[in-house]
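Accompanying notes for the structure given below.
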Amino acid sequence: MFSTNVYSYIDVLNKASDASWLREQTIANNLANVNTPGYKRKDVDFQSALRNELGNMKYVTLDTKVEHADLSRLDVSTYYDHANYSYRIDRNNVDVDTENVELASEKIRYDALTDSMTHEINRLRTAMQK
């Protein structure tokens, strides 16, 4: 029996796209609650989890980092953004303009991730046909 990490990049891209989708849903929820008194915005931070898992080792290849990554540590969830203080009287800290920009940015990220997964799967498919 042999072991292979041929799907490692796809697994990381899959975790990233799941986190991106969760962030899109979270931002949409923030926008839906823009007029709810006392509502505190929520967010998702996948980039920090990925950075922590892959590490900042300067002379290690990305292949090695991905191969040794513990993908269970890449499961992220929403958190309350208490650092984004509100000056609104109703104590809601959702800014519609900021949320719309973040939503558009996350949509672009999600599309790029799913395109990357498609290209990686097509490369594997091509290699298997030869």
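The values are calculated or read from the model by the stated rules, or taken from the named source; none is laboratory data. Here the structure is a predicted model, which means the values were calculated and not measured. Please note: Cβ atoms are built from the backbone with ideal geometry, for glycine as well, and neighbour counts cover all protein chains shown. What goes into the accessible areas is simple: the full protein's heavy atoms, side chains included, and nothing from ligands, DNA or RNA. Shrake-Rupley method; radii C 1.70, N 1.55, O 1.52, S 1.80 Å.
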- Note on the structure: Probe 1.4 Å, heavy atoms of protein chains only: per residue, the accessible area of the chain in Å² is 69 Å²
- Task: Compute the whole-percent fraction of alpha carbon pairs in the chain spaced more than 26 Å apart.
- Result: 37 percent
- Query: Where does the charge balance sit around Tyr110 when Lys and Arg score +1, Asp and Glu -1, over other residues with C-beta under 11 Å from its C-beta?
  - Reply: -2
- Task: Given the options Ser72, Ser116, Ser20, state which has the largest fluctuation in a GNM of the chain using a 10 Å cut-off (strictly under) for Cα springs.
- Result: Ser72
- Here the FRET efficiency for Asp111 versus Arg51, based on Cβ atoms and R0 = 22 Å and rounded to 0.05, is 0.50
- Could you pull out every whole DSSP H run in the chain that spans at least 30 Å of Cα extent along its own axis and averages 1.6 or higher on the Kyte-Doolittle scale? none
- Max mean-square fluctuation residue, GNM over the chain, Cα-Cα springs under 10 Å, options Asp11, Asp75, Asp90: Asp90
- Query: What is the calculated FRET efficiency for Asp70 to Thr126, with r their C-beta to C-beta distance and R₀ = 30 Å, to the nearest 0.05?
  - Reply: 0.50
- Once Rh for region 73-130 is found with the Kirkwood sum over Cα pairs, what is the Stokes-Einstein diffusion coefficient at 37 °C and 0.692 mPa s, in µm²/s? 217 µm²/s
